[in-house]
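Structure first, commentary second.
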Amino acid sequence: MEMLTDPTAEAAALLAREGASGSLSECMRLISTQFVVIQTRSQVMLTLATITLTITGFSGTRIAGSGPLARDAMAIGLVFVLSAVVMVLMSLRVRWLTQFTGPDPLSVLSAIIAYRNAKTRQYLAELILLSLGMACYVLAMIAYLVKAGPMIS
């Protein structure tokens with residue numbers, strides 16, 4: 001099984017797969033569902049980032065005050081998470097599929113697929129930033145718990 005990476009090749013294969021009964025609108029409907037997946041995943045990432053920022057607001061000073069490792073990890077994590085939030089907010093910008101035009105179905109579909117691929121790459125960058133931020137937050141929490149020592153009842 002071959003994986004198509006070129007938008008024009010993917011568009012041609014998609015149009016061919018649809019056959020004589022297929023149309024540009026059917027292909028656009030299929031790609032539209034792929035945009036929904038990207039949008040939904042971006043919203044989940046935004047929710048995770050919001051939870052992380054909320055934790056910082058409630059207990060960030062206590063965690064950061066437990067030592068330099070916790071403080072530095074939390075600060076670095078915050079930078080990564082905020083960077084991810086900015087990217088997610090930028091990626092939630094809408095460009096409607098009906099705005100894509102061209103001389104033929106292949107060129108229109110190729111442009112839409114190229115746009116989808118760009119959104120997918122941006123989502124991956126957002127995911128990496130958020131993952132790095134969350135990893136730093138976990139490190140800060142571990143440093144805090146290690147520094148806290150045994151709990152006294």
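Below, the figures for the structure above:
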item	result
Residues listed by number, the stretch 119-149, amide nitrogen under 18 Å from LEU69 label point at 7 Å toward C-beta	134-149
Residues LEU124 and SER32, FRET efficiency given R0 of 22 Å [Cβ-Cβ distance, rounded to 0.05]	0.60
Euclidean distance of C-alpha centroids, the stretch 17-81 and the stretch 113-133, integer Å	9
Charged-residue dipole, Cβ positions (Lys, Arg, Asp, Glu), the chain about Cα centre, Debye nearest 20	600
For the stretch 23-34, 3J(HN,Hα) per residue [Karplus equation, 6.51 cos²θ - 1.76 cosθ + 1.60, θ = phi - 60°, Hz, x = Gly/Pro]	9, 4, 5, 5, 5, 5, 5, 5, 5, 4, 5, 5
Principal-axis tilt of helix 7-18 within the chain, Cα atoms, nearest 10 degrees	60
Rg/Rg_globular for the chain, with Rg_globular taken as 2.2 N^0.38 Å and Rg from C-alpha atoms	1.47
Highest-first arrangement of 34-40, 60-66, where packing means the average Cβ count within 10 Å	60-66, 34-40
Residue-count net charge about ALA140 - beta-carbon cut-off 14 Å; Lys, Arg +1, Asp, Glu -1	+2
Average Cα contact separation per residue, the stretch 23-148, under 8 Å, 6 or more apart, as relative contact order %	42
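Since every read-out is calculated from the coordinates, none of them should be taken as a lab result. From a predicted model like this one, the values you see are computed outputs, not experimental measurements. Quick reminder, even Gly has a Cβ in these numbers, built from the backbone with ideal geometry, and neighbours come from all protein chains shown.
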